[in-house]
Amino acid sequence: LPVIRAKNSPDYLPDANFYKVEAILRPWRIPQVSSALLKMGIRGVTVSDVRGFGAQGGSTERHAGSEFSEDKFVVKVKMEIVVSKDQVEEVIEKIIGEARTGEIGDGKIFLTPVADIIRVRTGERGEKAERMTGGRADMSSAGSSA
Ligand code: ATP
Ligand code: GLN
């Protein structure tokens with residue numbers, strides 16, 4: 001997991017059991033991304049309609065010398081997926097695999113350590129709260145047990 005660095009690294013990132021993968025993507029790519037995530041047992045995803053600017057939406061107004069006008073923002077979708085540490089790289093690879101066109105505006109992924117997960121219905125915390133019905137554990141036990 002090259003993205004998650006050791007504590008003795010100068011660009012130290014706090015180690016955690018869980019991480020939030022936050023991806024800002026092209027809206028029309030979201031169905032492909034979600035179906036790929038579903039296939040790997042990801043059941044918990046939060047999606048928001050957002051607008052932003054990066055290389056794609058920021059080039060013309062950068063030198064305009066006036067205020068940003070709101071209509072320059074590009075419509076995007078933000079996907080937030082909290083997963084255990086060992087799923088992080090696979091989730092990132094799936095997102096890139098399904099969201100990438102190679103053109104400016106494909107988006108960006110931010111990775112954040114998550115201190116804890118609490119399931120509201122049961123009060124469960126940590127790994128128990130992270131585990132989703134139909135998720136990885138269910139998928140692997142479905143094949144082996146009757
Ligand atoms: P239950 O408590 O009934 O077992 P759950 O806690 O597994 O359910 P929900 O309560 O259905 O899951 O989740 C509510 C919302 O929380 C979802 O619609 C989704 O937006 C968000 N969510 C749940 N799990 C995750 C996750 N791992 N990553 C990102 N968002 C999540
Ligand atoms: N790791 C969880 C599971 O396998 C799924 C996490 C998620 O859906 N975000 O049950």
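Quick one: putting +1 on the C-beta of Lys and Arg, -1 on the C-beta of Asp and Glu, what dipole do you get for segment 70-146 around its Cα centre, in Debye to the nearest 20?
Approximately 260 debye in magnitude.
Sequence neighbours fewer than 8 away in the same chain don't count; with that in mind, list the lysines whose C-alpha is under 21 Å from LYS76.
LYS20, LYS94, LYS108
Values in this text are rule-based calculations from the coordinates and carry no lab data. Just so it is clear, the structure is predicted and the values come from calculations on it, not from any experiment. Cβ: placed from backbone, ideal geometry, glycine included. Neighbour counts: every protein chain shown.
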